[in-house]
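A.B. asks: So that we are looking at the same thing, I have put the structure below in structure tokens.
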Amino acid sequence: MIEGKKVLTGVKPTGKPHLGNYFGAIKPAIEMGKTAKQHIMFIADYHAINAEKRVDVLNKEIKEIACIYLAAGLDPKKSIFYRQSDVPEIFEMTTILTAFTPKGFMNKAHAYKAAVDKNVAAGKPNDDGINMGLYTYPILMAADILSFDTDIVPVGKDQVQHVEIARDIAGAINAYYGKDVLVQPEAAFDDNIAVIPGTDGRKMSKSYGNVIPMFEDDKVLKKAVFSIKTDSKPVEEPKNPEEVLVYEIYKAFAPDDKVQEMAEGLKNGKLGYGHIKNMLLDAILEKTTKEREIYNYYMNHFDEVQAILDEGAVRARAIASRTLKRLKETVFGF
Ligand code: ADP
Ligand code: TRP
């Protein structure tokens, strides 16, 4: 489905990813880039400042996310990789799009509504602490997407509505001028990607504080793995693998034969919780040790990463400026 398509994904720099982000979003996005006709991956740093304004935190998180994507296998020769704030054409595009965006779209947008709901629940005024950046978030996101004639935007479920807003804005512009000025993108949501449970059995999520972090020291990783909830059944008591949380997490990414081995060991009372936690820890380390080394290398040689991002911005600007020119010629007639 991706072959011959232009694919784009934006990532917000918001702290180191956890196992769920890594196997549920980062790896699949990088895989997709290998077969796309045009693959764009960017760091949505202007989106980030709506919520995070501390310079040191932003700086650290932008650097971390850049190194993580490169370590996880993003190929900067094939994929265009840049920082959103390095491509000013996107912001000119944003201004044109605002003129075609009904205000009602923003009132209904998921990110804004979630912030209002939180205020209401806390007994605060609806718009308390909400800035215009958050309110108009979907327009900037539409500009991110439409500037590159994107066909497909792979996103998590919560972002599908934002992609649909981008699609509707492009549709409104095309309808007004009676021609296909902008490409109408589609969200790609992969239902086959397993939701990885966290250490307490709920979906692994930063907001639940139940994550197994990636790209942290072995010690931190080990502590998280050993905090996964278990009951007090002794080793020799047969266990139903489907009721064992460690197994559920393992299943989401370990190879089939290893998963089978763990299931058998649990069923016939040969494996206890300590064993399987070590198996899980080993599997995570095996999958990620090399990547964590590359990550550390890049963090210590950020000038190399900066050069990649700079080159990505040059390539991105070349594409975005062509789209912008086409749109401006349509809007102003010359
Ligand atoms: P969090 O819930 O920790 O805040 P985000 O909402 O920022 O995570 O998710 C970023 C990406 O990672 C999304 O594409 C989402 O689908 C994916 N993701 C998050 N948690 C999981 C999980 N537990 N299992 C699989 N994918 C996940
Ligand atoms: N809003 C996305 C998120 O919170 C990040 C993002 C910004 C994005 N611009 C985008 C994703 C364009 C896809 C396409 O995860």
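Each value in this text was obtained by applying a stated rule to the coordinates, not by laboratory testing. All figures in this text were calculated on a predicted structure; none of them were measured in a lab. Note: ideal-geometry Cβ built from the backbone for every residue, glycine included; neighbour counts use all protein chains shown.
A.B. asks: Quick one: net charge of ASN268's neighbours, Cβ under 12 Å, K/R +1, D/E -1?
C.D. replies: That works out to -1.
A.B. asks: Hey, another quick one. If amide H atoms are built 1.01 Å from N in the plane of the peptide, which residues on other chains or at least 5 residues away come under 5 Å of the amide H of ILE193?
C.D. replies: Under 5 Å from the amide H of ILE193 lies no amide H from a residue far enough along the sequence or on another chain.
A.B. asks: At 0.890 mPa s and 25 °C, plugging the Kirkwood radius over alpha-carbon pairs of the chain into Stokes-Einstein gives what diffusion coefficient in µm²/s?
C.D. replies: In µm²/s, the coefficient rounds to 113.
A.B. asks: Here is a follow-up. Defining a contact as two alpha carbons under 8 Å apart and six or more residues distant in sequence, what relative contact order in percent does the stretch 111-207 show?
C.D. replies: The normalised contact order for the stretch 111-207 reaches 23 percent.
A.B. asks: Something else: If the cut-off is 15 Å between C-alpha atoms, which aspartates and glutamates fall inside it for LYS108, apart from same-chain ones fewer than 8 positions away?
C.D. replies: ASP117, ASP127, ASP158, GLU164, ASP168
A.B. asks: Relative to the present Cα-Cα distance, how much length would full extension add between TYR297 and LYS60 at 0.36 nm per residue of separation?
C.D. replies: Taking TYR297 through LYS60 to full extension adds about 83.8 nm, to one decimal.
A.B. asks: Using a Förster distance of 25 Å, how high is the FRET efficiency between ASN240 and SER205, based on the Cβ-Cβ distance and rounded to 0.05? Mind showing how you got there, number by number?
C.D. replies: Numbers: r = 26 Å, r/R0 = 1.02.
My answer for the efficiency is 0.45.
A.B. asks: Assign unit charges at the C-beta atoms only (+1 for Lys and Arg, -1 for Asp and Glu), then state the dipole size of the chain relative to its Cα centre in Debye, rounded to the nearest 20.
C.D. replies: 480
A.B. asks: On a straight-distance basis, which lysines could pair with LYS287 in a cross-link, Cα separation under 20 angstrom, same-chain partners fewer than 8 positions away excluded?
C.D. replies: In chain and number order, the partners are LYS16, LYS27, LYS34, LYS219, LYS222, LYS223, LYS251, LYS258, LYS277.
A.B. asks: LYS203's amide H: which non-local residues (gap 5+, or another chain) put their own amide H closer than 5 Å, with H modeled 1.01 Å from N in plane and none for Pro or chain starts?
C.D. replies: Here GLY198 satisfy the definition.
A.B. asks: Given the -39500 (n - 2.57) contribution per DSSP H run of 4+ residues, what per-residue ellipticity at 222 nm results for the chain, rounded to the nearest 500 deg cm²/dmol? Walk me through the numbers on the way to the answer.
C.D. replies: Details: 14 runs with 175 residues, N = 334.
So the calculated ellipticity at 222 nm is -16500 deg cm²/dmol.
A.B. asks: How much net charge surrounds LYS12 when only the other residues with a Cβ under 11 Å from the Cβ of LYS12 are counted, with Lys and Arg +1 and Asp and Glu -1? Don't skip to the answer; put the middle values down first.
C.D. replies: Values: positive: none; negative: ASP45, GLU52, GLU61.
Charge balance near LYS12 sits at -3.
A.B. asks: Continuing with the same structure: Taking a cut-off of 17 Å, what percent of all Cα-Cα pairs in the stretch 1-116 are separated by more than that?
C.D. replies: 64
A.B. asks: Express as a percent, rounded to the nearest 5, the fraction of DSSP beta bridges in the chain (both residues included) that run antiparallel.
C.D. replies: Beta bridges within the chain, antiparallel portion: roughly 20 percent.
A.B. asks: Averaging sequence separations of C-alpha pairs under 8 Å and six or more residues apart, then dividing by the length of the chain, give the relative contact order as a whole percent.
C.D. replies: With pairs under 8 Å counted, the relative contact order is 21 percent.
A.B. asks: Using the reciprocal of the averaged 1/r over all distinct C-alpha pairs, how large is the Kirkwood radius of the stretch 206-295 in Å?
C.D. replies: 13.7
A.B. asks: If packing is taken as the average number of other Cβ atoms within 10 Å across a peptide's residues, how do 5-16, 222-233, 128-139 rank, most packed first? Don't skip to the answer; put the middle values down first.
C.D. replies: On the way: 5-16: 20.2, 222-233: 15.2, 128-139: 17.3.
So the peptides 5-16, 222-233, 128-139, ranked by packing, come out 5-16, 128-139, 222-233.
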